[in-house]
1. So, in Å, what gap is there between the alpha-carbon centers of the range 155-193 and the range 82-131?
2. Working from the alpha-carbon coordinates of the range 1-138, get Rg over Rh, Rh being the Kirkwood radius.
3. So how far apart, in nm, are the two label points at residue 185 and residue 58 if each is 7 Å from Cα heading toward Cβ?
4. When Lys and Arg each count +1 and Asp and Glu each count -1, what net charge do the other residues less than 9 Å away from residue 162, Cβ to Cβ, add up to?
5. If you roll a 1.4 Å probe over the chain with all protein chains in place, what percent of the accessible area is carbon or sulfur?
6. Quick one: accessible area per residue over the chain, 1.4 Å probe, rounded to a whole number of Å²?
7. What FRET efficiency comes out for residue 227 versus residue 70 if R0 is 25 angstrom and r is the Cβ-Cβ distance? Round to the nearest 0.05.
8. What shape does the range 64-136 take by its C-alpha gyration tensor, where a ≥ b ≥ c are the square roots of the eigenvalues and a/c under 1.5 counts as rounded, a/b above b/c as prolate, and the rest as oblate?
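The values are calculated or read from the model by the stated rules, or taken from the named source; none is laboratory data. Since the structure is predicted, the reported quantities are computational estimates derived from the model, not experimental observations. Glycine also receives a Cβ, built like all others from the backbone with ideal geometry; neighbour counts cover every protein chain displayed. Calculation scope for accessible area: heavy atoms of the full protein, side chains included, ligands and nucleic acids excluded. Shrake-Rupley method; radii C 1.70, N 1.55, O 1.52, S 1.80 Å.
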Amino acid sequence: MTIIDRYPSRVGAVPEIIERHDPVVWNAEIDGGPLSAEQLAHYADAGYVIIEDVLTSDEAERLNAYAQELIDAAEGAIAVNEPDSSQRRSLFAVHESDPKFSPLTRTGLLAAAARQILGSGVYVHQSRINCKRAFVGKAFPWHSDFETWHVEDGMPAMRALSCSLALTENTAINGPLMVIPGSHRSYASCAGRTPERHFEESLRRQSYGVPEDAHLSAMAQESEIVAVKMRPGSVCMFDCNLMHGSPNNMTPYDRTNLFVVFNSVANRLVEPFGGTEPRPTYLASR
Ligand code: 6CS
Ligand code: FE
């Protein structure tokens, strides 16, 4: 069976903006979810919503101390370093067995809100702690997560979302998540072809799947870029195709976030659309 690629990218064609073919909120009728009608409307319109105080500041700070221990002790491919450095950048797959992070990702408010938005059951596609440490934490260039998950993991439709839970304060200056509101409604098809095992490089410094400056300018012209500020314990939920990135952390203030990606059970991964081998399951659960 051949599956039609509705979101071609990195297939050697000229980069272009394609229209989104999928809904953003998949079942606005769903009752009994944790998000209010206003929150759902903001998510649909802007492509993200901030949920305050999912954990208390104390809980988040304790979890952060624990996360730092995990990160320092971690070994193997799930632990990723900053570009050209031996400083830690990310720790993947914390949802699988960790006694503190696993329950957070499987049950409770985050999964319920994800089910509400995606209109179906969900599972964790990817989880990671990004510890953007004071002075040394480096940027993530502009990208759509969906572009990577489609090309490198074979995610068919835009029916997934990310939760970024602040474990430390996220301010305007300590390397916060920056988003282009409304950008989730169009898809920036990118240039190039993905090399095999690209993830070994991209998780430290992404260079394929990065949109053209002109496309970013056009998106940012329609609505101003927002730096997502959060207290420890608050969460930003954002659409899988929202254009986002984050700058270096050149401040003395650490910025650590837990990322959990939920995908719809109706949107299971197929063969990667970019023609490479599927990425390992610690990056893309199958
Ligand atoms: O590789 C991933 O799944 C995620 N990480 C990066 C650096 N870009 C795409 C996506 O957000
Ligand atoms: Fe991302």
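1. That distance is 15 Å.
2. Radius of gyration relative to Kirkwood radius: 1.02.
3. My value for the distance between the label points is 4.4 nm.
4. -2
5. On the way: 6390 of 12310 Å².
Here carbon and sulfur together make up 52 percent of the probe-accessible area.
6. 43
7. For R0 = 25 Å, the calculated efficiency reads 0.40.
8. Taking the square roots of the gyration eigenvalues as a ≥ b ≥ c, the range 64-136 is prolate.
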